[in-house]
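Asker: Take this structure first; my questions come after.
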Amino acid sequence: MSALAGSALRPERRPFKNGLVLLHNRAAANPSVVLRALVRAGSSREMPDEHGIASLTGRMLRQGTEHIGKVALAEELDGMGAGLSVDVGYALVSVSIKCLSGDFSRAAEILSEVLRRPTFPADELERLRGQVLTDLKEMDDNTRVVCERTWRELAYPETHPYHRLTVGNAETVQAATQDQLRAFHSAWYGPNQTTLMVVGDVLLDDALAAAERTFGDWSRVRVERVEASIPPTDPPGRQVREVDMVGKTQADIAIGLPTLDRASPDYYALSFANHILGRMYFMGRFGEKVRDEQGLAYYAYSELHGGFGRGAWQVRAGVNPRNLDKALGSIDTELKRFLADGPTPEEQADGVSSLLGSLPRQLETNEGAAAVMGEIELYDLGLDYLERFPDIVRSLSREQVTETARRWIDAERLVTSIAGPPRTA
Amino acid sequence: MLSVSASASFQQTTLDNGLRVILREVRERPLVGVWMWYRVGGRNELPGTTGISHWVEHMLFKGGKRFGKGEITKEISRRGGALNAFTWIDCTAYFETLPAAEVDLALAIESDRIYDTRIEPEEAEAERTVVISEREGSENYPEFWLREEVQSIAWREHPYRLGVIGPKSDLRAMTREHLYDHYKRYYMTNNATLVMVGDFSSAELLHKIHAEFGQHPSGPTPPALQIEEQPQTGERRVTVRRPGPTHYVMLAYHAPEASHADAAPMVVLSSVLGGASSPIAWGGARGLGRSSRLYRALIDGEVASSVSASFELTLDPYLFAVDATLRNGVAPARAEEAILAQLKRIQTEGVPDDELARTKRQLHAQVVYSLEGVTNQGFALGFMDLVARNAAAWQTFPEALQRVTSEDVQRVATTYLGEQQQITGWFVPHNGAAS
């Protein structure tokens, strides 16, 4: 594809015989490269009694493999100045290595090794288990996490993967076994579930050769589209839950509801509405009203998670408990005003220019480019997506944005969670 | 005429009114990163008005002569740009990253900000609760309480003990007049540095800068910091008891300033202990440092769930610190002992060559990663110019890291990490957990 004006994105897509897809983008501005494997092995693949297994499996990848032990791996990565990170989400596990471009070839071997041949050593699992149990305790003490967890419990039914956080809970983490992790890995880690991205100062031919050498003989696993693991769900009725947390000063608020998936034809209009409500300028209308005008919060914004299945649309804010009702009232008023009147002509024009003008900035770093490329591949947007994007955004009318927001955001059915100090404190 | 001195990587000049200008042409993308640095922060504050620099920073988004309330963010946002600001113990800095064709807008915003910010009383009042809310957000984390307490006993005199955000009592008591006086005392061309990196011609840009900023008069030089901290003469300890999920331990030591010859060995020491991060800019790779001494001893040793070592580049001597979040059931004395054992090992044995090489490679890589993009490069130039008093340090300091020897690391570990210099903080959850 030709590059979008001003951006450095010229992705190449190469499918391999075993189902692996390589996405490559050359950017020579910084002598580094990001290798990222997106494996469709997130928590939505877990069975009902396996909560946290996907997360533990992902975190165990670097704790020892067939050919390299944990300590040797840590020393080699540090000796290269390379960072290896694993993030486990609902649909995907993202395993990334950021390294200097001269170390690309070895980094590809390491990435392949941790993805394909982890051994899940028993002593390392015990060590990680203790660490995760402490993490979970810290999460229980974190108002933002408790707020998010509570909101998900209210917004999604128990059978839905979005009902809970991906990390699992103390009970399931305590019970997790080596065999469970091995079985999960065998079932879901395979080339036909993986998109490999190489972004940075590496030539396409070198990326292709490295991918062939390190992943070419990886055997397929059973094919199941990740969408199939995210069941349909309807937004619940209006619900509010407050969680008292002793010793805290500020309350965290989440207000919203499950909306649409990334593939929905309404996605762009709803995303544009969210841009105006909670992002543009400085945290959108919510930021302007709750922070700038009323001084009720340091942050108040909204976000739309348009993944697979019904992704969440949420307003988030952190306020003093004395100001809770006022902040909730302001958010409610502003949302209803938007649903009634839609964006102003100025907001509509600014929304278009801000989204299009920000593209070169978003694509400036290898990580930023990798994020866009991953979205293009996962949601089948086509390599010409960035060329089409300006027309998609320009074609949105105020009426369409307003109508779409009304269709997906019912102000009377919002789910609200609050986590913070008891109100009487 | 403007006289310009050039180095390989940037140009710098000073306008007649004292405004320092640092320009670096980077033509890879049609973007420009603009940073305006003011030499004012927590170190310039007094008890009673602590947090004032940070509050003033918030007010500089609230309108001046040419840009009304909210217009700065609107004008940048509608052009696809990004902007923000931060206040630190040594400085306050504002940035915009935007399409190169819109560079005039950034110049106009920073020119308006420097003298013409209004700080309306009602706006100052509305922002009071925003700043308090920012502090309250931090108060939700046990680590914040521990760090604030450790800082408060680390110095007897130096304002570094006061931090940046300020206590609520000061935030409630300060008036609009305090804010305006502070703004007028420190915001002037001769206390600022404009750093720009991106797709421009320096010659053309310099004319624009001159046209935009040249008319501003310089102001009276802000008062220099007179305080000199007396050496610490014995270990200091503090225990914070609050509700919390687990124990936290922080060990801190007085450490040299950025312009000191020992700063580079201190960065290497910190990286050997806790893994490397870029000392000159934000960003870098995640997941490095698992072969570091503290990771091995405390994470692999099942003492902590996270541990880090930090040494930051500052104008005046600041702190070297080790922070650990303890695993469920581990007593803080055990963690403290484990950390001290690692410090002692370096003091007595130094660092083997292969480990030192591994650490330097991490530092080299993290510096490379942290310089991706015009915003990060602008930060590095401005930050190093400020704390090391030399913009060229954005290159020379990373080079100095590569010359550090095992003996250097051992020497600074012995010199600075002695018991006499130690400040120890424990966070003890008073609602249970291990004892």
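Asker: With the structure loaded, tell me whether A:LYS98 is at the interface with chain B (Cβ under 8 Å from one of its Cβ atoms), part of a helix (DSSP H, G or I) and of a type in the set (Lys, Arg) or whether it fails that test.
Answerer: Details: at the interface with chain B (Cβ under 8 Å from one of its Cβ atoms): yes; part of a helix (DSSP H, G or I): no; of a type in the set (Lys, Arg): yes.
Considered against the rule, which asks whether it is at the interface with chain B (Cβ under 8 Å from one of its Cβ atoms), part of a helix (DSSP H, G or I) and of a type in the set (Lys, Arg), A:LYS98 comes out as no.
Asker: Also: Go through the stretch A:267-311 and give me each residue that's of a type in the set (Lys, Arg) and more than 10 Å from chain B (Cβ to nearest Cβ).
Answerer: Taking the stretch A:267-311 and keeping what is of a type in the set (Lys, Arg), we get A:279, A:285, A:289, A:291, A:310.
Passing the criteria: A:ARG285, A:LYS289, A:ARG310.
Asker: Which condition from (1) closer than 26 Å to B:ARG176 by Cβ; (2) away from chain A (no Cβ under 13 Å); (3) among the hydrophobic types (A, V, I, L, M, F, W, C); (4) assigned to a helix (DSSP H, G or I) is the one that B:ILE72 breaks?
Answerer: (2)
Asker: Just name the residue that is surrounded by the most Cβ atoms within 10 Å (Cβ to Cβ) out of those in the stretch B:350-383 that are more than 8 Å from chain A (Cβ to nearest Cβ), part of a loop (DSSP other than H, G, I, E, B) and in contact with a helix residue (DSSP H, G or I) (Cβ under 7 Å, 6 or more places away or on another chain).
Answerer: B:VAL351
Matching residues to (1) out of contact with any helix residue (DSSP H, G or I) (no Cβ under 7 Å at 6 or more places or on another chain); (2) aliphatic (A, V, I, L, M):
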{"site": "B:THR314", "(1), (2)": "no, no"}
{"site": "B:ASN328", "(1), (2)": "no, no"}
{"site": "B:LEU343", "(1), (2)": "no, yes"}
{"site": "B:ASP385", "(1), (2)": "yes, no"}
{"site": "B:ALA388", "(1), (2)": "no, yes"}
{"site": "B:THR396", "(1), (2)": "yes, no"}
{"site": "B:SER406", "(1), (2)": "no, no"}
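Asker: Quick check, is B:VAL240 closer than 30 Å to B:GLY329 by Cβ, in contact with a Gly (Cβ under 9 Å, 6 or more places away or on another chain) and surrounded by 13 or more Cβ atoms within 10 Å (Cβ to Cβ)? Step through it out loud before you land on a result.
Answerer: Details: closer than 30 Å to B:GLY329 by Cβ: yes; in contact with a Gly (Cβ under 9 Å, 6 or more places away or on another chain): yes; surrounded by 13 or more Cβ atoms within 10 Å (Cβ to Cβ): yes.
The answer is yes for B:VAL240.
Asker: Looking at the stretch B:94-105, can you tell me whether even one residue there is more than 20 Å from B:VAL21 (Cβ to Cβ) and either surrounded by fewer than 19 Cβ atoms within 10 Å (Cβ to Cβ) or more than 10 Å from every other protein chain (Cβ to nearest Cβ) (or both)?
Answerer: yes
Asker: Just the residues that are within 14 Å of chain B (Cβ to nearest Cβ) and in contact with a strand residue (DSSP E or B) (Cβ under 8 Å, 6 or more places away or on another chain), please, taken from the stretch A:327-345. Explain how you work it out, then say what you get.
Answerer: Here is the first cut: in the stretch A:327-345, the ones within 14 Å of chain B (Cβ to nearest Cβ) are A:327, A:330, A:343-345.
Residue satisfying the conditions is A:ALA327 alone.
Asker: Can you name every residue in the stretch A:286-303 that is crowded, with 24+ Cβ neighbours inside 10 Å and either assigned to a loop (DSSP other than H, G, I, E, B) or touching a residue at least 40 places away in the same chain (Cβ under 8 Å) (or both)?
Answerer: A:PHE286, A:VAL290, A:LEU296, A:SER302
Asker: Report, by residue number, each residue of the stretch A:53-92 that is farther than 13 Å from A:LEU181 by Cα and small (Gly, Ala, Ser). So that I can check it myself, show each step before the final result.
Answerer: So the first thing to find is which residues in the stretch A:53-92 are farther than 13 Å from A:LEU181 by Cα, and the list is A:62, A:64-92.
Once the filter is applied, which keeps residues that are farther than 13 Å from A:LEU181 by Cα and small (Gly, Ala, Ser), the stretch A:53-92 yields A:GLY64, A:GLY69, A:ALA72, A:ALA74, A:GLY79, A:GLY81, A:ALA82, A:GLY83, A:SER85, A:GLY89, A:ALA91.
Asker: Would you confirm, using the coordinates I've provided, whether A:ARG241 is touching a residue at least 40 places away in the same chain (Cβ under 8 Å), surrounded by fewer than 22 Cβ atoms within 10 Å (Cβ to Cβ) and not in a loop (DSSP other than H, G, I, E, B)?
Answerer: So A:ARG241 passes the test.
Asker: Within the group B:GLN362, B:GLN377, B:GLN422, which residue is more than 19 Å from the chain's Cα centre (by Cα) and more than 25 Å from B:ARG290 (Cβ to Cβ)?
Answerer: Details: B:GLN362 fails: more than 25 Å from B:ARG290 (Cβ to Cβ); B:GLN377 fails: more than 19 Å from the chain's Cα centre (by Cα).
Going through B:GLN362, B:GLN377, B:GLN422 in turn, the sole match is B:GLN422.
Asker: For the stretch B:221-234, give me each residue that is more than 18 Å from B:CYS91 (Cα to Cα) and either of a type in the set (Val, Ile, Thr) or loosely packed, with under 14 Cβ neighbours inside 10 Å (or both).
Answerer: Narrowing the stretch B:221-234 to residues more than 18 Å from B:CYS91 (Cα to Cα): B:228-234.
B:GLU228, B:GLN230, B:PRO231, B:THR233, B:GLY234 - these are the residues of the stretch B:221-234 that are more than 18 Å from B:CYS91 (Cα to Cα) and either of a type in the set (Val, Ile, Thr) or loosely packed, with under 14 Cβ neighbours inside 10 Å (or both).
Asker: For the condition of a type in the set (S, T, N, Q), at the interface with another protein chain (Cβ under 8 Å from one of its Cβ atoms) and either buried (at least 24 other Cβ atoms within 10 Å of the Cβ) or within 21 Å of B:ALA413 (Cα to Cα) (or both), what is the one hit in B:SER292, B:SER277?
Answerer: Values: B:SER277 fails: at the interface with another protein chain (Cβ under 8 Å from one of its Cβ atoms).
Unique residue meeting the criteria: B:SER292.
Asker: Looking at A:SER85 and the list (1) under 18 Å from B:SER291 (Cα atoms); (2) part of a helix (DSSP H, G or I); (3) hydroxyl-bearing (Ser, Thr, Tyr), which single condition is not satisfied?
Answerer: (2)
Asker: Part of a helix (DSSP H, G or I), crowded, with 23+ Cβ neighbours inside 10 Å and either within 13 Å of chain B (Cβ to nearest Cβ) or in contact with a Ser or Thr (Cβ under 7 Å, 6 or more places away or on another chain) (or both): does that describe A:ALA369?
Answerer: In short, yes.
Asker: How many residues are within 21 Å of the chain's Cα centre (by Cα) and either more than 14 Å from chain A (Cβ to nearest Cβ) or closer than 15 Å to B:LEU179 by Cα (or both) when one looks only at the stretch B:133-167?
Answerer: Final tally of qualifying residues: 18.
Asker: Here's a follow-up. Quickly run through the stretch B:41-57 and pick out the residues that are out of contact with any Cys (no Cβ under 7 Å at 6 or more places or on another chain), within 15 Å of B:TYR160 (Cβ to Cβ) and in a loop (DSSP other than H, G, I, E, B). Please lay out each step first, then the result.
Answerer: Step one: list which residues in the stretch B:41-57 are out of contact with any Cys (no Cβ under 7 Å at 6 or more places or on another chain), which gives B:42-57.
Still in the list and also within 15 Å of B:TYR160 (Cβ to Cβ): B:42-47, B:50-51, B:53-54.
Result: B:GLU45, B:LEU46, B:PRO47, B:THR50, B:GLY51.
Only the coordinates and a few stated rules stand behind these numbers; no lab work does. None of these values were measured; they are calculated from a predicted model. Cβ atoms come from the backbone with ideal geometry, glycine included; neighbour counts cover every protein chain shown.
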